[in-house]
Every structure is written in C-alpha cells, then in structure tokens.
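Worksheet for the structure shown next.
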2 protein chains.
Amino acid sequence: MAATNPDNAEDLIEQIITVYGDDGIEAVVTLLDELHPADVAHLLESIPPEDRLEIWQHIDDDRRGETLVELNEGVRNTLISETDIHALAAAVHRLDTDEIADLIPGLPDEVIAEVLFNVSLEEREQLNEVLSYAEDTAGGLMDIDAVSIRPRITVAVVRRYLRILASLPEYTDKLFVVNRNNELTGTVLLSDLVTADDEQRISEITNTEPRYFTAEQDELEVANGFARYNLVSAPVVTEDMHLIGRITVDDVVDVIQDEADYRMMASAGLDEEQDIFAPVTQITRSRAVWLGINLITALVASVVIGRFQDTIGQLVALAVLMPIVASMGGNTGIQSLTVVIRGLAVGTISASNARRIFFKEMLVGSLNGLIWALATAMITVLWFDDLQLGIIIGAAMIITMTSASLFGALLPVLMTRYGIDPTLAGGVALTTVADVVGFLSFLGLAAVFLT
Amino acid sequence: MAATNPDNAEDLIEQIITVYGDDGIEAVVTLLDELHPADVAHLLESIPPEDRLEIWQHIDDDRRGETLVELNEGVRNTLISETDIHALAAAVHRLDTDEIADLIPGLPDEVIAEVLFNVSLEEREQLNEVLSYAEDTAGGLMDIDAVSIRPRITVAVVRRYLRILASLPEYTDKLFVVNRNNELTGTVLLSDLVTADDEQRISEITNTEPRYFTAEQDELEVANGFARYNLVSAPVVTEDMHLIGRITVDDVVDVIQDEADYRMMASAGLDEEQDIFAPVTQITRSRAVWLGINLITALVASVVIGRFQDTIGQLVALAVLMPIVASMGGNTGIQSLTVVIRGLAVGTISASNARRIFFKEMLVGSLNGLIWALATAMITVLWFDDLQLGIIIGAAMIITMTSASLFGALLPVLMTRYGIDPTLAGGVALTTVADVVGFLSFLGLAAVFLT
C-alpha cells in the first residue's frame, strides 16, 4: 500500500519544496502528480508567488479546478489573475455546480461568461439557484446533487435505480424521500438500505422526522446543528418544505475552521484570507488600519493622563504605577468579554439568563479586583513607603477591574444589537474603556487626596 | 413532520427554561422527552446548578449516558458528583465502548468498577485498548466498531453478512478490507457496495490506497487530515498496519471545535471546560492566576519606568505619551505572533520558509512603525510644541514596533521548541517585551537627549 497517511503528504510536500529549490521544476514534475488537489493547494500556499506560478503551470488541467476550490482566497486570486482565461474556464467547467458557485464571485467576467456558456441548461438553473442565496447561508453552502426517492417504491427498485446511477455523490449517507410535489417527507439511511430486504417499502425504513435546514438559515446555525446532531449530510428546503439541495459535513468542517480562523485573526485585526507571501506593502497596508485605530485609542488614554500633568509633576510615582491599573483592568475585562462572546456563540447565554451572567461577571471582576488591589497596595507601600499611595492604587484597581468586567460582559450584547462584530471590535473598545477608567480613577483619586 | 429544524430545538429549549421558571418541573416533564440528548446537554449547560439537578432527575435512564457524553466537562463533573453510583453505572453501561472510554477518566472508582464488572470480556479488552492511548491521539479518539471484510469474497456475501448484522455503526461510509492477519489492505465505499453487482469480488471495488491514521498520531493531525481529504471515517492501525479501530467525522468536528474553543479561551487565560454557572469563588480563583501573572509583567514594566523617575520629573509629557509607545508595540507584535501561530498550525510556515517569514514580519513591523511614528511625532509636536520630543517618540516607536514584530514572529517557534504553548503564554510574553522595550527606548532616549 502506498504512503497515504496524511502525515506522509506533509513529508512529500516538504520534499517537493526542497527538491524544487535545489534542482528546479523538472525534478518535481512527477512528484506533483502524486499529490491530492488539497495537497497541491497546501503546497502552493507554502511557497512564494514566483515559484507558485511555475508549479501551477505544471498541474494537470483536471486537477486545477479542485485545487482552486481548496486554495485560500488570497492565493487563489493571485493565481486566477495570472492564468489564461480559456484555461481557467476549462478548469472551472469540470467542477460540480456548488463548487463553481463558490468560485464565481472571484472569477473575471469573461471566465464566468465562458463557463455559463459551456454548462447544460439544467446546471445553469442550478447555479442560479445556489447563487441566489447569500454565501453564508444554508442555500449558499448547499450542493444540488441530492438523490431523492419516493416513499411507495420497494427497496429492490431503489437498488436498481442506484445501480443505474453507477456512482453516488460523495457523502451520501442518506437518500431524501419526497412526495410528488418534491416536498421533503423523510430520509432513508444508506446503511439501512444495504441491510433491508428487497421487498420492503421505502416508507418502512424512512425516518419521518429528519433534521433539515431552510435555505435562508445562517451557516453557523447549520454548523451548530451538524455538530450537535452528528450529521454527515442534511437536506436543505425552502420555507414551504420543497427539497432544493443538501449540505455535507465536509463543507461544515470548512465553515467551523473558517470561523475559528476568523475569530483568531480578526481579534488581532488581521485578514484570515491573506496570502502569507503577499507583497510587504500589501500586508503593511492591510495591518496599518488596525494600528491606526489603536493609535487613536492610545491617544484618548494620553489625553486623560494629560489632564493630570500637575499631579504627576508633584508625585512621579504615579507615572510609575499607573500602567498597572490600566493593564489589570484590561485583562479582567477581556476575560469577561471572551466568556460572554463564547457563551452567546454556543447559546449557553441567552435572554433568560443574561442578567445573572452580567452580575456574576461583575462580582468575579470585583473579587479579583479586591485580591490584586491588596497585593498591589502592599507592594506599593513597600516600594514607595507611602501608605496613602497604596490605598489609592488599591481603590483605583477595584474600581477599574469591576467596571471593566461589567463592561466586558455587556459589550458583546450591545455590539451585536447594533450590528457590530464583538470579535473584531470588542477588544479595542474594552482596552480603551479600561485605560480611561484606570488612569482617571488612579490619577483622579491622587489629585484629590495626595497633592 | 415534527419540528426538527435545529433552530426549533433552540426555541424548545428556551420554552422549557421559561415554563420551568414559571410553573416548575411538572410542567416541563413531557417537553423534556422531545429533546435529543445533545439538546438536553445544552439545556443543562444553560441553567443554574440548582435547577440542573432537578431536571437531570427527570431525564430517562437510557438518555442519561448520551447526555453525559455531550456535556462539557465542568457541568458533567457536577452532575456525576450528585448522582447515585448505581444509577451512574447503569447510564454509562448502555454506551458504546469508545464513549465509555471518554467518560472513565472523570468517573468515581466505584462506578468504573461496576461498569467494568458489567461489560463483556470482549468489551473490557476493547476498553483497555482504547484507554492505553493518550486521549489526544488517534488511538484515544477511535471507535472500536470498525466493520472489516476479506478481499476474496463477493459482494453478495458481504450483503448477506451486513443483513445479519441488521444495523451498521453510525458514520459507516466504508468497510475495511483486511487480510488474514488483520492487516489493513484497503477500503470499500458503502455507496460502491450498494451499486455493485452481486457476483463482483470485493477486491474489484477496493480502494487499495486509503487514507489511514496510526494510533499514536496527534488528534490535530487527524483533524487536519479529515478536513483536507474530506473524510467521513478512516481506519486506525498500529505501526505494523494491524486494523484496531476507526475514527469518524463527528469526533473530528468535536476536536476542531474544542481546539478553536481552547485557542479563544486560553489566550485570555480562561478554562474552556468551566461551567458558566460555577460558584463565583471557583470562577474567581481560576481567573486569579492569570491576573497574577499579568500583575508580575505589569510590575516589570513599572520597574523600568521607575528607573527614569528623575527624567519624568523634569518632563511630565513623557508620562503622558509613554503608554502610546508600549501599546503600539504590543499590537504590532500580537499581529506577527498571531500570523505565525496560525501559519505553524495549518502548516504554511515550516523550516523551509521560516527565515523568510521572520524577515518579512520584521519588515512589515518596521514599515508600520515608520508610518505611525511619523503620525505620532507630528501629533506630539503640535500638542507639546517640542520638536525634539516628537523626534524621540518617533524613534522609540520604530525601535519598539520593529523589535516587537520580530519577537512576535520568533516567539511561537521558540516556545514550541521548549514545549510551551504559544497560544497560552505568547500574548503575555509579548506584551511584557513590548512594554519593556517601549518604556526603555522612549524614556532612555529622552534621558540622554532631553534632560
């Protein structure tokens, strides 16, 4: 048996990169043929753009389409812009309708025209159907290759029908049972079909309460449903229960991975689809915006400190200690923010218990505020030999950590209500508040009581 | 057809919570019966501990085991500790061997003993096999219910065999072909089996190069393999290719979701398995450690500032502006850190291109340093009417942002080498470095040139 442990594919890719670097393209052409399209995509994402194009030119036509589907958007776009229009149309044309639908938004108009001209009328209608739903809905995610059968026929008839089809679409773990109006009435598991008797009716082995999704549902709801009910495939229906397609677990795995990627990258102001080999100027520009926003929030904090220049001038120890208050507030708030963002995403936090959670987060924040305020106060007294300063930094920390945790808990709910994504903007907003409250409370208390 | 859109399950759960709150347990008992065990788990995670126990007592025995499997660890442990030992053993005993294996680490010894006493000898051997592998390996993840067949028999024989089995394990999209030594030689797709002719030999429809995993492989490698090659199930073998089990996509979805959860929560110092309704003291304690570490890093920054008290005393504007330098450094560094952590995780960054990426990140950091140093310098000159101060803050920002981005790119590689998880510790380490370099360069330059 050949080396098909996925770990070996990694080794093969590393080998190709090394051999290619040493001996050029001729030395790796035969190795490229051994790669799965997903591995080709991975290889292309791991090498610089100049090498990428040369390797791309040596990928067979019939694997280019699949490779495009697997590539991340940034890398895909550079390849699309460098590839001949007819070659591109030929590669795309070989794909399944739902894959074509995924690629279309990124293709040049000429390529779309050529692809649409070459597909069958039926495929064109299916394409229009899929493209009519937003990309991040069940409709946008669905394949249109659902195999449907009628309830009254026997198992033997279905077996004959499937034999005529010769091969079933990937991830077919169930067939969809529809009435004469193409309304979904149930599903039949393939494993039940294999083990059923020839003369049984389909209705006898039908699950009449299958999990299904409606075309307009959000893809994250779909992903949650697949994860919760351990689905391999599920039917997609219109509002009036007409079967229009199916969603398969591979697409759901992609949704979950993309969402995780997005969450990780967006919280640092990064674009998760960016090619790591994109030109330095392009990367710099895409990150600059985020840093600019951060500069503004840092300036807000500076303005607050600026109001207390006289106070600091009289007691420089304030400047030494003030970052502690802001930083502890920020970290406490981020903890509450993260807990609530996640609770809302998985659904353990909802209208019925939100108030309780807010209260609890605030309590946890103030308790931790108390603990670390005491520690910090003691350190301050030992360091600066100033009891009053210790009391003031302690009080400021309790105020800052309590309000930061309450604000961190409220923020995701407020932002979601106004259509702002808390994953993207929550951290910045929270840090600003923690800085402002931290500097204001510490320096303000000092101004009143110490100077 | 009943309401089986997963969205409706959410509604039903909300309804149960409301009705339960208004009218007590009797009013919701019949509603509970409509819930899938995964939904019961979700319900239990969404209500406070005191209600949880009352609802748990009204869950049928035959759904309690499945519910335990679906619960997060924190909630599961509280229920386990509150449930009678015999009831617990009865609930667990009904589960599949691999599910029992998942629960065993959290069960009291008496329950484990009772469960092991009640299973068959064969199941006990299988349990020992699964438990002999670490939880986060392919072996720990696998089910032991792989259906294997021999290559020489005909399709008709296999169909008869499956009919005798009556039902196939969930997610059976393929059967495993083994020789007489139980060595894996290929796989047969169920969909090929449905459509094949009775008299065909299994060897004719066998894929002789199936993707497989070895028992010791890390679960994240398994997840990457499933995602990349769109697998529903895959065989698990020993080093010498003996078939010992299979992994199914539902477990892989759990691995991917758990990993995403872990990444999100760990980066804020949170335990992703903690019950959101855990007692306030318990939550406070679990978060306090992280805040304590943060306090130490904040104190390090304060010590650096403390060295420059005289300088600040002479020019208080330094105290006003210094948080800007540290904050911009921190944000730039976090961007590089995040890009590299993710590149290492998905494999686009490896030994062959690491140096190039480090250099690039440093370049991006210094370019953005240049842009925002100019902006900040101008703002400083306008604000404080001090050209020298503007030049110094600009220089400090370029130094800090360049070194923070280089450090952010190097850190994940260094930490991984020494067995430290960069997701958990990377942010803290980076912030400390950005603070120290930021305060040191800004105040240091000011001490030399301004005072």
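Just so you know, all these numbers are worked out from the coordinates, no wet-lab data involved. As the structure is a computational prediction, the values presented were derived from the model and not from experiment. Every residue, glycine among them, receives a Cβ derived from its backbone with ideal geometry; neighbour counts consider all protein chains shown.
What to note about this one:
- Across the options B:PHE117, A:ILE85, A:ILE296, the greatest Cα extent toward the positive end of the charge dipole of the protein assembly as shown (unit charges at beta carbon of Lys, Arg, Asp, Glu) belongs to A:ILE296.
- A simple count of charges around A:ALA326, restricted to other residues whose Cβ falls under 12 Å of its Cβ and scoring Lys, Arg +1 and Asp, Glu -1, yields -2.
- Overall form of the protein assembly as shown per C-alpha gyration tensor (a/c, 1.5; a/b vs b/c): prolate
- Stretchable slack from A:ASN8 to A:LEU220, in nm (0.36 nm times residue separation minus alpha-carbon distance): 73.1 nm
- Summarising the amide proton neighbourhood of A:ILE276: residues at separation of 5 or more, or on other chains, whose placed amide H is nearer than 5 Å comprise an empty set.
- In this structure, B:GLU122 and B:ASP60 have a Cβ-Cβ separation that, at R0 = 30 Å, corresponds to a calculated FRET efficiency of about 0.65.
- Listed residue (B:ALA377, B:ALA268, B:VAL325) projecting farthest to the positive dipole end of region B:245-393, Cβ model: B:ALA377
- Charge dipole magnitude, Cβ of K and R +1, D and E -1 - region A:280-449, Cα centre, debye nearest 20: 640 debye
- Between A:ILE244 and A:VAL236, A:VAL237, A:THR238, the built amide H atoms are under 5 Å apart, and every one of these is 5 or more places off in sequence or on another chain.
- Cα-based radius of gyration of chain A once divided by 2.2 N^0.38 Å, which approximates compact folds: 1.31
- Kyte-Doolittle mean at least 0.0 and Cα axial length at least 30 Å: DSSP H helices in chain A: A:280-306, A:317-346, A:354-384, A:387-417, A:422-449
- Net +/- balance of residues flanking A:GLY426 in space, Cβ distance below 13 Å, scoring K and R +1, D and E -1: +1
- Inter-centroid distance (Cα atoms) of region A:118-152 relative to region B:78-112, Å: 45 Å
- Cross-link partners of B:LYS174 among aspartates and glutamates (Cα-Cα below 13 Å; sequence separation of 8 or more within a chain): A:GLU170, A:ASP173, B:ASP145, B:ASP192
- Annotation: aspartates and glutamates with alpha-carbon distance below 18 angstrom to B:LYS360 (same-chain offsets under eight excluded): A:GLU45, A:GLU50, A:ASP51, A:ASP271, A:GLU272, A:GLU273, A:ASP275.
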